[in-house]
Number of protein chains: 2
Amino acid sequence: MDAYLAVVSKREVRRYLPRPIPEEALEQIVQAGRASGSSRNRQPWRFIAVTERTILRDLAPFVFRPANLEGCAAAIAVVLTNPRAQFDAGRTAQNMMLAAWTLGIGSCPNTPSDEAAMRERLEIPAEMSISTVLSLGYPAPGEPRPRADADPAAKLTRISRLPLAELLHRETFRA
Amino acid sequence: MDAYLAVVSKREVRRYLPRPIPEEALEQIVQAGRASGSSRNRQPWRFIAVTERTILRDLAPFVFRPANLEGCAAAIAVVLTNPRAQFDAGRTAQNMMLAAWTLGIGSCPNTPSDEAAMRERLEIPAEMSISTVLSLGYPAPGEPRPRADADPAAKLTRISRLPLAELLHRETFRA
């Protein structure tokens with residue numbers, strides 16, 4: 001899949017097929033997270049890949065949309081060694097979600113609604129924080145899915161986003 | 001460029017050629033930021049594209065590595081309407097840097113060292129915060145540059161990152 005198309009066509013996917021994610025795909029996704037840049041290359045993240053159904057079900061009540069975790073094929077928790085490194089967490093998470101997208105796998109980030117409970121269930125040391133839990137799976141019917149033959153310009157026209165004119169300023173904000 | 005290769009091969013570039021970035025490329029980069037997902041699709045970001053040399057020079061002292069802004073061909077400030085949305089800022093910034101990379105353009109994020117001064121120079125309203133300023137430009141000799149013929153596996157082997165075994169946990173952190 002073309003890189004620019006992947007970046008502009010990636011959509012959040014929240015309903016998944018029961019089909020499991022092959023181990024090789026999971027590793028490719030995590031490698032994309034590992035490769036991400038971070039402030040001073042500190043790599044303030046650790047990843048927990050969860051595929052056991054009982055654990056996914058246990059975690060579901062601790063995010064704002066439990067169905068995402070109940071129905072996903074796998075989840076990747078992004079754990080921070082520095083809780084203020086949320087910008088870097090966003091970079092590595094985006095890398096992983098884009099890598100998944102190029103493999104035909106949908107995903108979305110889930111913010112913990114009960115971080116303490118999630119930390120306990122995932123046996124995460126107290127000094128670390130949970131930035132997000134990515135839910136992953138092949139898209140269910142009706143969900144967005146990657147299309148290698150799509151046109152980036154058409155994707156950008158139909159997208160549910162503010163128009164560029166409202167987002168983009170030139171030289172200064174006021175100008 | 002292949003999407004997975006782009007994601008795993010993207011490196012920070014801090015020294016740039018004086019060659020300007022074509023307007024069309026700048027727009028493609030910002031569109032990639034616009035397309036990014038965000039929590040509840042709130043799109044908590046605004047972008048300021050800066051290409052005027054005098055403004056870039058004015059901004060340089062307000063980041064930790066002034067040379068990045070002094071030498072870049074363009075900068076994109078990521079301004080947040082919600083200062084807590086750093087995770088989403090990381091997602092949109094990563095999208096823009098990956099889009100740039102696919103166009104042969106290097107980049108890196110610059111955290112403000114003096115956000116108040118930068119806000120004033122960029123005429124940003126007081127209620128908004130600056131997450132990062134991306135410096136952009138075609139890579140100077142010796143800097144990393146995108147290679148469409150590179151092998152992702154080789155890139156992942158040679159990368160200056162913690163080994164996957166240290167980063168990745170399975171099912172729980174302790175397991």
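The values are calculated or read from the model by the stated rules, or taken from the named source; none is laboratory data. This structure is a prediction, so every number in the text was calculated from the model and none was measured. All Cβ positions, even for glycine, are placed from backbone atoms using ideal geometry, and neighbour counts span all protein chains on display. To get the accessible areas, we keep the full protein, side chains included, count just its heavy atoms, and leave off ligands, DNA and RNA. Shrake-Rupley method; radii C 1.70, N 1.55, O 1.52, S 1.80 Å.
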Residue hits (segment B:137-175; of a type in the set (Ser, Thr, Tyr) and in a loop (DSSP other than H, G, I, E, B)) are B:Tyr138, B:Ser160, B:Thr172
Among the candidates A:Leu134, A:Leu162, single out the residue that is more than 30 Å from B:Thr172 (Cβ to Cβ), surrounded by 13 or more Cβ atoms within 10 Å (Cβ to Cβ) and within 12 Å of chain B (Cβ to nearest Cβ). A:Leu162
Based on this model, can you work out whether B:Arg84 counts as surrounded by fewer than 21 Cβ atoms within 10 Å (Cβ to Cβ) and free of Cβ contacts under 8 Å to residues at least 24 places away in the same chain? yes
Within segment A:137-151, residues in contact with a strand residue (DSSP E or B) (Cβ under 7 Å, 6 or more places away or on another chain) and open to solvent by less than 30 Å² (accessible area, probe 1.4 Å) come out as A:Gly137, A:Tyr138, A:Pro139, A:Ala140
I need the full set of residues from segment A:1-24 which are open to solvent by less than 10 Å² (accessible area, probe 1.4 Å), more than 7 Å from chain B (Cβ to nearest Cβ) and not in a loop (DSSP other than H, G, I, E, B), in order please. A:Leu5, A:Ser9
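Here's the yes/no breakdown for (1) out of contact with any strand residue (DSSP E or B) (no Cβ under 7 Å at 6 or more places or on another chain); (2) free of Cβ contacts under 8 Å to residues at least 12 places away in the same chain:
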{"residue": "B:Gln28", "(1), (2)": "yes, no"}
{"residue": "B:Ala32", "(1), (2)": "yes, no"}
{"residue": "B:Arg40", "(1), (2)": "yes, yes"}
{"residue": "B:Glu52", "(1), (2)": "yes, yes"}
{"residue": "B:Ile55", "(1), (2)": "yes, no"}
{"residue": "B:Ala60", "(1), (2)": "yes, yes"}
{"residue": "B:Ala67", "(1), (2)": "yes, no"}
{"residue": "B:Ala75", "(1), (2)": "no, no"}
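Being open to solvent by 10 Å² or more (accessible area, probe 1.4 Å), more than 7 Å from chain A (Cβ to nearest Cβ) and over 21 Å from B:Glu143 (Cα atoms) is the requirement here; does B:Pro44 meet it?
Judged against the criteria, B:Pro44 is not a match.
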For segment B:87-110, give me the residue count where each residue is at the interface with chain A (Cβ under 7 Å from one of its Cβ atoms) and open to solvent by 10 Å² or more (accessible area, probe 1.4 Å). 3
Quick check, is A:Val30 at the interface with another protein chain (Cβ under 9 Å from one of its Cβ atoms), open to solvent by less than 50 Å² (accessible area, probe 1.4 Å) and touching an Asp or Glu at 6+ places or on another chain (Cβ under 8 Å)? no
Could you list, in sequence order, all residues of segment B:89-124 that are touching a strand residue (DSSP E or B) at 6+ places or on another chain (Cβ under 7 Å), touching a residue at least 12 places away in the same chain (Cβ under 8 Å) and assigned to a helix (DSSP H, G or I)? B:Ala89, B:Thr92, B:Ala93, B:Met96, B:Met97, B:Ala100, B:Glu115, B:Met118
For B:Pro141, indicate whether it is within 12 Å of B:Val13 (Cα to Cα) and without any contact (Cβ under 8 Å) to a residue 40 or more places away in the chain. yes
Which condition number in (1) of a type in the set (Gly, Ala, Ser); (2) part of a loop (DSSP other than H, G, I, E, B); (3) farther than 26 Å from A:Ile48 by Cα is the one that B:Ser131 fails? (2)
Output yes when any residue across segment A:114-124 is under 15 Å from the mean Cα position of the chain (by Cα) and open to solvent by 10 Å² or more (accessible area, probe 1.4 Å), and no when none is. no
Against the definition (among the aliphatic types (A, V, I, L, M) and in contact with a Gly (Cβ under 6 Å, 6 or more places away or on another chain)), how does B:Met96 come out, yes or no? yes
